[in-house]
Every structure is written in C-alpha cells, then in structure tokens.
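Heads up, the thing below is written out as structure tokens.
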Amino acid sequence: MAVRLALYHTPVLRDEVLTGLITSAGGIYVDATLGGGGHAESILQRLNPPGVLVGLDADSDAIQFATSRLSSYQGRAVLVHSNFRDISVALAQKGIDRVSGILFDLGVSSYQLDEPSRGFSFRTDDRLDMRMDRTQAVDARTIVNQYEERELADVLWMYGEERASRRIAHAIVRHRTHSPLQTTGELTALVKGIVGERFLVKSLARVFQALRIEVNNELMNLESALAQAIAILEPGGRLVVISYHSLEDRIVKDTLKQEAASVQRSGNKLVPDTLLQPKVKILTKKPITATDDESRVNPRSRSAKLRVAEKL
Ligand SMILES: C[S@@+](CC[C@H](N)C(=O)[O-])C[C@H]1O[C@@H](n2cnc3c(N)ncnc32)[C@H](O)[C@@H]1O
C-alpha cells in the first residue's frame, strides 16, 4: 500500500479539533479513528513528554499507513488495530484507565473511498465490500445477497432515507435469483434502472451509505463507544466528535444532551438533579462547521459537524 500523505486523507477542522481536545501537553489522548494519522500527528506536535497519543482504527491499512507516518514519535504514539466499540478494553490492555481527551472523526477516509478494491464507492467498479475491518466476515455482498427483501428495504430506508428503498430492494432480490450481486458496478446499474439518470448520484450516495452503515454496524458501535469514552475521561477531559451525516450527528447530540442533563423525564415525572449527576458539560451549543475556505479546499469538510464536551 504505497499511498502519498495528501492522498490518504486530509484532516477536517484540524485547528478546531486541537483547541477543543487538548487541555494539557503532558496528557494521554486517544484518536479513536486514526485513519491517515493527520489529526494524530497534529496532536502529537502539541504534546510534550510524558504526553502520549493512542490511535485506534478498525482498518489495518490505516494502522500500517499511520505507523509509518508517525514513526518519529517512537514510544509516544501507540497504535492499535481495534474497533472503537472496544475502546475500554483496547486501552486497558495498554494499562490505561483514564485519559485527557478522546477524538472521534467518524466515517470513512478518502483512501477508503478512493481505493477501488475496498468497494465503498459507486464511482469505481470493483468487488462490493465496504468492510472497514477486513477480518470481519460480513461484507456488502453478504447483505445484498442474503438479507430478505424486507430487511434490505429497511436498511436502505433507515440508514439512507432512500425513497425508492422498496423498489431497489425488490430489484436486488430479482437480480440475485439468477446470479449473486458481486460488484459496485452491478449495484450502480441496478439502482440506475430504478431511479433513472436525473437523481442517480443522490440515490447512489444514499444506497451506498446505507449499506456501509449496516456492514460496519456504525450507529450501534458509535453509541457504545461514546458511553465508554465519557466514562474513561478524567475530570476536565474533553470529548471531540466530528460527524458527517444526520444519523450519526443525532446520536452524538442526544448522547451529550442526556449525559449533560441534571433533570430527566421519567414517564410524566421530572427526576430532580439531586438524583441525577450530570457527567459532562457541552462546550458547543451549536456544532462547529468548516469555514468557506476549508470547504473550498476540502469538499469533504462541507458536511462536517464538530461537537465538544467536557467531563465534569
Ligand atoms: C474520517 S477517517 C479519520 C481520518 C483521520 N482523522 C485523519 O486525520 O487521517 C475515519 C477512520 O475511522 C475508522 N473507523 C470508522 N469506524 C470505526 C470503528 N468503529 N472503529 C475503529 N475505527 C473506525 C475508519 O477505518 C477510518 O480510517
């Protein structure tokens, strides 16, 4: 895998991440979505010994790329091939139970999207795959070839909000009765046959997003990881999350709101703050978004929403 730095991934909202995340140069920080190591490298540049960066990624290509990129930070960059749903275990295995900050920069990297063999994109034609972690058994072909028509339609509707979800699911099931669906190109042609040329790109984006979320169990992993992350932060520690679509941003927003609450509804009753200790303070009333300049240079940043919370 010989990928040049700029091609792997350009980090989004880099300065805003550093400002939100780092409270002490000697702390332990976690980048739970290491990717090409762009954010990780910027964090390391701000730390002084004994400051340490632990980087996690479910994708072994990311670990391999970032290991080489961060090789000059020997001993201060600890990189682990792990899903962030296992963040507590991954840190415990490194002897860490409290950290100063945790970053999640969700979704896929530009490398994953642009590398045809990863099967994430409708812009290239290769094996339909979409696994972030290629040691996982279930890939996108499993879903399109084995899910029942109704389950498939539900995935396309729930995770892609695709209006033609039922018709597309029906077409997939009809196709696989004579041969299994194998490639991104076959799926693209099939969606085109249903929605036509005019809205094709938007529909493809929704269908591919939905399958990706299902393959990687993205929303459940995020919910589980956020709860663990808040528990692992030391008082004053920061949680920084960048999301790229409304489904993941809603989970981040609702989780932070719930963890920041001092009163909560239980049926018709309000449970008072004497019974409920808020765990975090939300530092971003509204999410931070990219400036026009950043959006122009890095189109990926246009949909980014960054939220920051501080552990109490
Ligand atoms: C947007 S990229 C991160 C880019 C990174 N911030 C940088 O500066 O290069 C997202 C990364 O998170 C990883 N990822 C997504 N979901 C994950 C999960 N549940 N556990 C671990 N890594 C995950 C992907 O494999 C991908 O490499």
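Measuring nothing but how far apart in sequence close Cα pairs (under 8 Å, 6+ apart) lie, relative to its length, region 134-215 scores a relative contact order of 41 percent. Straight-distance candidates among the lysines for linking to Lys281, with alpha-carbon spacing under 25 Å and chain neighbours fewer than 8 residues away dropped: Lys253, Lys257, Lys269, Lys305, Lys311.
At an R0 of 30 angstrom, the distance between the Cβ atoms of Met220 and Ser117 translates into a FRET efficiency of 0.70. Give the longest segment of the chain that steers clear of GluC sites (Glu not before Pro) in DSSP loops with at most 13 neighbouring Cβ atoms within 10 Å, not counting the sites themselves. Longest stretch, sites excluded: 1-147. Working note: Debye formula, equal point scatterers on the alpha-carbon atoms of the chain, no solvent; log10 I(q)/I(0) at q = 0.08, 0.10, 0.16 Å⁻¹ is -0.39, -0.60, -1.31. Put in line by how crowded their Cβ is, counting other Cβ atoms within 10 Å and starting with the fewest, Met130, Met158 read Met158, Met130. Take every DSSP beta bridge whose two residues both sit in the chain; close to 45 percent of them are antiparallel. The Rg/Rh ratio of region 134-215, with Rg taken over Cα atoms and Rh as the Kirkwood radius over Cα pairs, comes to 0.93. For Val30, nonlocal amide neighbours, meaning residues 5 or more places apart or on other chains whose placed amide H falls under 5 Å from its own, are Val54, Gly101, Ile102, Leu103. Extension gain, Gln146 to Ser68: 0.36 nm times the residue separation minus the Cα-Cα distance gives 24.2 nm. Centre-to-centre separation between the Cα atoms of region 50-85 and those of region 161-232: 30 Å.
The trypsin sites (Lys or Arg not before Pro) found in region 174-221 that occupy coil by DSSP, while having at most 11 further C-beta atoms within 10 Å, are Arg198.
Read the figures in this text as sums done on the coordinates, not as results from a lab. All figures in this text were calculated on a predicted structure; none of them were measured in a lab. Methodologically, a virtual Cβ is constructed for each residue, glycine included, from the backbone with ideal geometry; neighbour enumeration extends over all protein chains shown.
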